Amino acid sequence: MKPAYYFITAWRNLIRRKTANFLNILGLGVGLAGCLVIFLILQHEFSYDRYHKNSSRIYELVKDLKTDHGVDHERSVPFEAISELRNDYPQVRWAELFTSYGSQVTVMKDAATTGNDKFIEERGLLYAEPELFDLFDVKWLNGNAAVLRENNTVVLSQSVAARYFGQWQRAIGQYIRVDNVITAKVSGIIADPPTNTDFPFTVVLSYRTFLANTRVWGFNDLRGWGWGVSDHQIYARLPEQVTASAIDKSLPAFVTKYSKMDRMDKVTYFLHPLREIHFDTRFGNNGDHASSKTSLYTLGFIGLLILLMACINFVNLSTALAATRSKEIGVRKIMGSSRIQLAWQVLTDTALVVLLSMSLALLLAQLSLPYIRYISPIEEPLDLLNAGTLYFFGGALVVATLLSGFYPALQLSRLNPIEAIRSTISASLFGGLSLRRVLVVLQFSFSQLLIIATLIAVSQMNFIRDADLGFTKEAVLQLAGNSDSAFRAREKAFKQELLTLKDVQSVSFSHDAPSSGNNWESNFGFDHVEADKPFSAYLKFADMDYANTYDLKMAAGHWYTTNDTLGEVVINETMAHKLGINDPQRAIGKDIRIGGGPNGKWTSIAGVVKDFKNTSLKQGVPPNIILRNRRLSSFAGVRFKSNNLGRSSRAVETVWNKYYPEYAFNSSFMDDNINKFYRQEQRLSLSYKVYTILAILISSLGLYGLVSFMAVQKTKEVGIRKVLGASVAHIVYLFSREFTVLITLAFIISAPIAYYMMHNWLQDFVYRIHIGAGVFIFAIMISIGIAWMTVGYKSVRAALENPAKSLKSE
């Protein structure tokens, strides 16, 4: 028999049973599409920075710092360490860089900065040594790494150069100005880095330029091992004969050799693999997003569940259909078809359904790609057809065809043709109800697990949205300014004119907002005891209007009333408690010293502010000291009293451009910035919602398949019951009762698993909801309700069949 004949016959069989096959194609297609989208996300995320040929031998030098509240994970390395590392580890290739986030770049088309194009580089500017490109691979379109040995030179990526100068070829020899302080000559162009990288080589200035302008970032002295900033990193490329563990073992002795600082025994330096940087949220990374492996594994687990459910559903429906083909097979055997030919025909029928399902899956996945950013941090378009997806679909075709077609093909090919034509073949020949019940229990276990996870995730995100943060986050516009003297000189006039706007209620200049990712730690003393306290203080620098602008509440005392640096300070309740002060009023007037040594100065506590959340609700409130420092207060918060935020922000922009024409207007609303803390959790919550809907759809189709199979097997039983007086409602009850038991059994399996998973997920939050019984009750009610609706349709049809038709003699 020619192969074309098998496909022609398979197509006819597909049309003949179009309703059942449509459900089969829909269920498998939706499941494959959902799994394919997750596969593409995981494929992209796990490819980060793997394109560097030495990626397996590139490491970042990081450290763990033991504190009174646990271990802090930091990537800040002393600036002076690089020369000593090169001296003691000459076999290792070292390179350092400094990253400046949110810097302004002005394209110098003319001498006056006010008329030139200005850009805010949110992803960061890199100040790098030329040795960095001995570690990381880039393609040079013009120039080479040696240009970074010079002061005031910059290398641009192809797209950034085109954005700045129209065409990248025009950029060479042109000038840009960074933060209105540094003027750099464009001396090289590199090809755009791929999207799957945490190292945005888009604007790279020479490291010598950074060293010559450290005052821009407030660094007066880069010497000493006692401090560092996370924006400064050191990377290493190890030779093949040297292992990271060997370097790690020698680093304590190295630190002891060069460091003269106290408490260095609490610091552990080690090499962190490049391939882990993208996933290790303990240290952060240079990119604009980080993906924890836990979240990715959770997403992969969801995809696996959806795929398993789709396959279970497909097997159920396919074998149920096979049980109705006995007459066809009997006729074919009488007409001379061999067992091999019959088996091939059944497998071809199955393969055609799988192929159509895959086509539907590709279509659905393609339509879904623009919306991936809602469940993943991936913003760039993904390639649907790549080697990975071809392997994915090839494996799915083979597995699904064999899984659902091989056993029916084997059984049908063995049928006695006379019995087959007389329809005396039992449906139990194709697996029986016991196996199908197990499969349905598994399906609903998976769907209920996702339902419970979704309900808990949504409840936690609602809790976060409505939580009391200790300040008012709505209607506050945040402006990123500059710390140079020119900006500070116009600060007072700018603030006064803002306050004349009818929509503006209050304005405050500070180092950052109450809730931000910034952590400025310092040692400190209390009550004129010279020894430092055994824990660090977290500093916030703000002016006198900080509490009013952000609606902070005082527990005792008052906000400081002077603009003088270290005139008075405010501490929070947590700091008071850690100092052993239970009554906040007792802290007023006490003296506190910030820092130590000759630079440490004593000042008095003016007030105790009620605790406010410094970062996300995943973390507790640290001990805060809030003080005045104009040099570090270039960040403005503007509270509006109008609901027309668009009009209000445009009015602020007009005033900004009047006072700061050489600075780009870089603004954002505070509540939007706070929401960024939970982007990963929000995406995971949304993915739960989407895939729960898919799971419910697939489970319903699986139930429909089992009811269809039972209806075939119980045709005569239903006819006899009707003849004996059974009502339609009674017959529907017979079908529904069994499925209610199966769903309850599925709930018993899924509930403890879901509780364990989501309980562990909630442990990431210091502030979290309690998982109550209501979530589980609601989940099982949803499942039972969906099952009754699904079973009801098919069982009613079976109950309405004419009993004479089902009981007629064969």
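The values are calculated or read from the model by the stated rules, or taken from the named source; none is laboratory data. Everything numeric here is computed off the predicted structure, so don't read it as measured data. So basically every Cβ, Gly included, is an ideal-geometry build from the backbone, and we count neighbours across all protein chains shown. Side chains included, ligands, DNA and RNA excluded: accessible areas come from the protein's heavy atoms. Shrake-Rupley method; radii C 1.70, N 1.55, O 1.52, S 1.80 Å.
Things worth noting here:
- Residue within region 376-384 that is open to solvent by less than 40 Å² (accessible area, probe 1.4 Å), outside any loop (DSSP other than H, G, I, E, B) and touching a residue at least 60 places away in the same chain (Cβ under 8 Å) present: no
- Per the listing E530, E521, E491, the residue uniquely touching a Phe, Trp or Tyr at 6+ places or on another chain (Cβ under 8 Å) and open to solvent by 20 Å² or more (accessible area, probe 1.4 Å) is E521.
- Unmet requirement for G719, which otherwise passes all of (1) exposed (fewer than 13 other Cβ atoms within 10 Å of the Cβ); (2) at pLDDT below 90; (3) of a type in the set (G, A, S): (1)
- All positions within region 43-98 that are charged (D, E, K, R) and without any contact (Cβ under 8 Å) to a residue 12 or more places away in the chain: D72, R86
Table: residues versus (1) open to solvent by 40 Å² or more (accessible area, probe 1.4 Å); (2) in contact with a Gly (Cβ under 8 Å, 6 or more places away or on another chain); (3) part of a helix (DSSP H, G or I); (4) modelled with pLDDT of 75 or more.
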| site | (1), (2), (3), (4) |
| --- | --- |
| L686 | yes, no, yes, yes |
| I696 | yes, no, yes, yes |
| S736 | no, yes, yes, yes |
| T740 | no, no, yes, yes |
| A746 | no, no, yes, yes |
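- Any chance D179 is open to solvent by 50 Å² or more (accessible area, probe 1.4 Å) and either in contact (Cβ under 8 Å) with a residue 12 or more places away in the chain or within 24 Å of R93 (Cα to Cα) (or both): no
- Taking the listed residues V507, V569, the one that is touching a Lys or Arg at 6+ places or on another chain (Cβ under 8 Å), outside any loop (DSSP other than H, G, I, E, B) and either β-branched (V, I, T) or buried (at least 21 other Cβ atoms within 10 Å of the Cβ) (or both) is V507, with no other qualifying.
- Annotation: of all residues in region 494-504 being more than 22 Å from K540 (Cβ to Cβ) and touching a residue at least 40 places away in the same chain (Cβ under 8 Å), the one that is most open to solvent (accessible area, probe 1.4 Å) is K502.
- R631 vs. criteria open to solvent by 10 Å² or more (accessible area, probe 1.4 Å) and modelled with pLDDT of 90 or more: no
- Output for region 515-534, where each listed residue is under 16 Å from K266 (Cα atoms) and in contact with a Ser or Thr (Cβ under 7 Å, 6 or more places away or on another chain): E521, S522, N523
- Complete set of residues in region 622-676 that are basic (K, R) and touching a residue at least 40 places away in the same chain (Cβ under 8 Å): R628, R630, R631, R639, K641, R647, K658
- Against the conditions (1) crowded, with 21+ Cβ neighbours inside 10 Å; (2) within 30 Å of N116 (Cβ to Cβ), A236 satisfies every one except (2).
- Whichever residue in region 597-628 is open to solvent by 30 Å² or more (accessible area, probe 1.4 Å) and of a type in the set (G, A, S) and, among such residues, is farthest from M554 (Cα to Cα): G597
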